[in-house]
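None of the figures in this text is laboratory data; all of them are computed from the coordinates on show. Note that the coordinates shown come from a computational prediction; the quantities given were computed from them, not determined experimentally. Cβ placement follows ideal geometry from the backbone for every residue including glycine, while neighbour counts extend to all protein chains displayed.
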Amino acid sequence: MYFPQSHPWTPEDSLGTYLERRGVTRRDFLTYCAQMTAILGLADTMAPRVAHALAAVKRPTVIWLSLQECTGCVESVLRTGEPTIGDLLLDVVSLDYQHNIMAAAGHQAEAALQSSLAKNKGEYLLVVTGSVPLNDGGIYTTVGGRTAKTILEEAAKDAKAVIAVGACAHWGNIQASRPNPTGAVGVSDIVKDKPVVNIAGCPPIGDVVTATIVHFLTFGRVPELDYDGRPLFAYGARIHDQCPRRANFDAGQFVEAFDDEAARRGWCLYHVGCKGPATFSPCPIFQWNSGTSWPIGAGHPCLGCTERHFWDTMTPFYGRLPDVAGFGVERYADTIGLALAVGATAGVAAHAIATGVHQVRQRGKALPVIETPSKKETGGTGDGHD
Amino acid sequence: MATTKIVVDPITRIEGHLRIEAQAENGRITNAWATSTQFRGIETIMKGRDPRDAWAFTQRICGVCTVVHAVASCRAVEDALDIRIPPNANLIRNLIHGMQFVQDHVIHFYHLHALDWVDVVSALSADPAATAKLAQSLSPWPNNSATYFGEVKDRLKTFVGTGQLGIFTNGYWGHPAYKLPPAANLMAVAHYLEALDWQRDVIRLHTVFGGKNPHPNFLVGGMASAINLDDTATINAERLTNIHAMITRAQRFVEQVYWPDLMAVASFYKEWAAIGGGTGNYLAVGEFPENDVRDIGSLYLPRGIIMGKDLAHVRPYDQELVKEYINSSWYEYTDGDAAGLHPWQGETKAKYDGPPTPWTYLQGNKKYSWMKAPRYDGKPMEVGPLARALVAFASGHEDMRAIVKEALDRLQVGPAALFSTLGRVAARGAETVLLSRRLSHWYDALVARIKGGDVRTHDGTKWEPETWPAKAQGYGYLDAPRGALGHWVQIENGKIARYQCVVPSTWNCSPRDAQGVPGPYEAALMDHHPLANPEQPLEILRTIHSFDPCMACGVHVLDATGREVVQVKVQ
């Protein structure tokens, strides 16, 4: 990861001239563009267009809000893998406000935010990590004495695009799981007047954030999204369809208990709770931490963390999904999400029927605004567990 | 001179959301209040869940110290159900947690804390040759050349020339409290950048054993990463070699960059060895069991209590003496605000009664934080690297005595200097050195066991709920990078009935208790604490950052008794 002070990108520079000055060769740049083209799922023939567009990009301003969260998503972005250009694209942006690394504190920090919002009106990218608590006047997260909701509304108003990074910003995550005591919601529940890209996961792989920004800079718009606002280039494939252990699933070779002989041979984790069959995520394709490994690769079942309400619908985590054979790679989230939600409800979480049905109803819509179970709409006892 | 009121909100370069209010007179802080400004209320969702899932829920308390709650949770459930994990699993957890310490502390020093001591703008006037000379006098690190530092300086110069300072906008550059010569500033800026690359490399140890970082996977009863030297999908020689290489790179950076830098920077700020001490009570639950976690005597970093800076007496720790108070916190207890509750009886009912937003000042309100106030035997306790170093030092821990002595000798100060802001910074570095070395020991032990034919990583004899008693309760301790952590779980009929955590930053960021006794952050800010310019509260950042706040951890509160579970209405 590189910071602006080490590789300054002046406002006058295009990325092309900037990289040239840094000593990055044209060949390296084109190689990078080809890699990005592949990650984004574009045809090879698009690589020159990516390169052409990227080379002309001016240094964009990014404002990053940290709301109700655990900072895991920021850490994930700090682990972003591919050296040099991938990092540059993320970090040589003019990052004018980011709590975890900025030098200023207190009113000097808030002044930096206000100044950047005013100066870059309509031009800046807004990145948000964390959810927005709405109950009790939003008192459950404040910065500088102002509520998360107030801050988000202000910053989103003149943003060119909004990227919601991680499950908290996506849909509210763990704090929005039943019974959601603070009334936590995702960014798209607040920001309605412009597209919100949801980089799903708890946390997501940092490289997905990089690639999304590249897409935005290249094409001047956000990538194609699935029914839940997730970029198709990353969330268009089911883990189960990309899993190296799929052959074991098809052959009926299953781990029945942790550390059994099957576990020591790397067989399928479906019987010990793997949620890969119900989860759309790039984990098996991109892998984690510079391609080091991924959850199933390290022997643990997938928790399904890129799916909404996974704390309620994918638990117990070591419970088995119902029979899911029959879905092929040609199916996308939009078409099978509904069926999977029904399946998950019936098989794993018989106790969570209400939540599941709630989700199913929402999943049927094209681009749903999923209402999280906030205090207002909840009441009574029990979605189960009793 | 009149009293000045100061508000610093947000405190940046920490995990989470923290607000400090203070009063100052004649360049000294006379009073201080620490406010946690985020509450997530995770507590209520724990009730009725499968205890084997608890590690994943509690892990999401924090994505920075991303393994500590998961391991503490596994230990709590394993304690409740009397599960003994295989020795290999204990070693793997030590490796993961040990690397967490090393990576976390280095990130803290360079990326969260350094800008309080290092003036980035001053680095512009550094002579690269002088910088190289300084660096070479400290360590044999290969990048200590004039060419290298010259490149860093050139980049920095161009950057500042653009006028777009990005994350460095509005820093307190030129503040008189910055004391480093330009060469030292340039050296630190260069290593700030190197550390960014280093951290994402060495943390991949988590990915090998846990599948990802942040939030690697754990497992009640052991670890899920099976060992088989003759398979491609398991822990095999290739993965072990990879681990070994990461450990080597971690050690090298700590010994040749972090520790020398820390000592060099500290030598310019020795006055901070008499500032910011605070409560003087220290608690360490101890960490890194060599054997089973129940064998307290086998902990590499020992357990103990120090009261009133008395290093002659290390007292035993008894978890029964922990209680949490809400006199100054936005919660209510069934038995009223004066009650102190042990985690077995813990309650978490949020009740905000502060002013409406936007806030101007919170001081003057009886309640002012989302943090509860934990007390040990009625006393506020500082936890973290300094507490561990003091307990180990006072207990005669040989490795700790040697590294602490080395630091004290190099800075030419006595042990009393440890009770300070600078003491916290030095203690963090000292334990990082010890733990980076210790990683090799655990790695060698793991390899020796595998060589001896033991590949077990999980004990599944009590995996199925049918094997559990109808009622059970367990305590999981863990000393995390930021200090003593405890998880208390009660299980009934196979489900979680109550879950409570008492977390490092809750101890340290505690508000006042019923007796009006301030918590460690507050007490530290009131201990001989300067504040030259209330408009630029650099000194406040120094002391607060010396604790390495982790606010999401602090406002954890996972007890399951707060509210009844409510039904999702089907629409």
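Kindly give Rg over Rh for the protein assembly as shown, based on alpha-carbon atoms, with the Kirkwood expression for the hydrodynamic radius. Over the Cα atoms of the protein assembly as shown, Rg/Rh equals 0.93.
For segment B:57-121 versus segment A:261-312, the inter-centroid distance based on Cα atoms is 22 Å. Within the straight-line cut-off of under 12 Å between alpha carbons, the aspartates and glutamates reachable from residue B:367 are B:332, B:337, B:353, B:513, sequence neighbours fewer than 8 places apart in one chain being disregarded. Of the residues B:400, B:357, B:430, the one whose Cα sits farthest toward the positive end of the charge dipole of segment B:352-442, with +1 on the Cβ of Lys and Arg and -1 on the Cβ of Asp and Glu, is B:357. Compute the Cα gyration tensor for segment B:4-554, then decide on rounded, prolate or oblate, letting a ≥ b ≥ c be the square roots of its eigenvalues: rounded whenever a/c is under 1.5, prolate when a/b is larger than b/c in the other cases, and oblate in all that remain. Verdict is oblate for segment B:4-554.
Mind checking which lysines have their Cα closer than 27 Å to the Cα of residue A:192? Skip sequence neighbours fewer than 8 apart in that chain. Straight-distance partners of residue A:192: A:119, A:121, A:149, A:157, A:160, A:365, A:375, A:376, B:569.
Within the same chain, lysines fewer than 8 places from residue B:212 are excluded, and of the rest, those with a Cα less than 24 Å from its Cα are A:275. Any idea which of A:231, A:257, A:180 is furthest toward the positive side of the dipole for segment A:151-278, if Lys and Arg beta-carbons carry +1 and Asp and Glu beta-carbons -1? Toward the positive end, the furthest listed residue is A:231.
Which of B:47/B:351; B:379/B:495; B:372/B:471 have a Cα-Cα distance over 23 Å? Violating the 23 Å limit, Cα to Cα: B:379/B:495; B:372/B:471.
With the charge dipole of the protein assembly as shown set up from +1 on Lys and Arg Cβ and -1 on Asp and Glu Cβ about the Cα centre, the Cα lying farthest toward the positive end among the listed residues B:205, B:414, B:190 is that of B:190. Simple point charges give the picture: +1 on the Cβ of Lys and Arg, -1 on the Cβ of Asp and Glu, and for the protein assembly as shown a dipole about the Cα centre of about 820 debye. About the centre of its Cα atoms, segment A:15-234 shows a dipole size close to 480 debye [charges on the beta carbon of Lys, Arg (+1) and Asp, Glu (-1) only; nearest 20 debye]. Label positions at residue A:31 and residue B:441, each projected 7 Å from the Cα along the C-beta direction, are separated by 4.3 nm. If R0 equals 25 Å, the separation of the Cβ atoms of residue B:292 and residue B:454 corresponds to a calculated FRET efficiency of about 0.95.
Restricting attention to the protein assembly as shown, close to 70% of DSSP beta bridges with both partner residues there are antiparallel. In this simple spin-label approximation, residue B:398 and residue A:157 carry label points 7 Å from Cα along the Cα→Cβ vector, and these lie 6.6 nm apart.
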